[in-house]
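Q: Have a look at this one before I ask anything.
The values are calculated or read from the model by the stated rules, or taken from the named source; none is laboratory data. Note that this is a predicted model, so its numbers are computed, not measured. A quick note on method: Cβ atoms are made from the backbone with ideal geometry, for glycine too, and the neighbour counts reach across all protein chains shown. Please note that ligands, DNA and RNA were not included when accessible areas were found on the heavy atoms of the full protein model with its side chains. Shrake-Rupley method; radii C 1.70, N 1.55, O 1.52, S 1.80 Å.
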Amino acid sequence: MTFQKPRQFHIHGLTLEGRSFRPSDWAERLAGAMSSFRPGGGGGIGAHIGYSPYCVPQVVDGVKCVLVSEALRDIEPMAWEFVMNFARDNQLRVSEFTQP
């Protein structure tokens, strides 16, 4: 049996029209909202202190992004839908992340 690593996606802080998305801390807010979703259900009282490994803010080529793992969908499908709908509703660029 072959284990397939979950795909990862960048939600870019650029709209489909090329404008910067505001507010400037959007990536931290989105990742913070997902902070309780952790491997093995490790949420709980201290989950708000750090980001979930499934939804992490990053800067890529000078643009704020959120790296989202497809594994989030297996843990909590509604959280996955929330994040992806956020990108769609705000017309943000989404690209699959491939490690070099």
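Q: At a 1.4 Å probe radius, carbon and sulfur cover how many percent of the accessible area of the chain?
A: The nonpolar share, carbon plus sulfur, comes to 54 percent.
Q: For the chain, find the longest principal axis of its Cα atoms and tell me its angle to the long axis of helix 77-89, 0 to 90°, nearest 10.
A: 0 degrees
Q: Check which residues have an amide H placed less than 5 Å from Arg7's amide H, if you skip close sequence neighbours.
A: Close amide H contacts, sequence-distant or interchain: Glu70.
Q: Express the accessible area of the chain per residue in Å², computed with a 1.4 Å probe while the remaining protein chains stay in the model.
A: Spelled out: the 1.4 Å probe surface of the chain, per residue, equals 64 Å².
Q: Provide the FRET efficiency to the nearest 0.05 for the Glu28-Glu96 pair, computing r from the beta carbons and using R0 = 30 Å.
A: Once the sixth-power term is evaluated, E becomes 0.85.
Q: FRET efficiency for Asp74 and Leu16, Cβ-Cβ distance as r, R0 = 41 Å, nearest 0.05? Intermediate results must be reported in sequence, preceding the final value.
A: On the way: r = 28 Å, r/R0 = 0.69.
Efficiency at R0 = 41 Å is approximately 0.90.
Q: Each label point is 7 Å from the Cα along the Cα-to-Cβ direction; what then is the distance between the points at Gln4 and Glu81, in nm?
A: In this crude spin-label approximation the distance works out to 2.2 nm.
Q: Now, a different point. What are the ³J(HN,Hα) couplings of region 5-12, residue after residue, when phi is run through the Karplus curve with 6.51, -1.76, 1.60 and θ = phi - 60°? Round to Hz, x for glycine and proline.
A: Running phi through 6.51 cos²θ - 1.76 cosθ + 1.60 with θ = phi - 60° gives 5, x, 5, 10, 10, 9, 9, 8 Hz.
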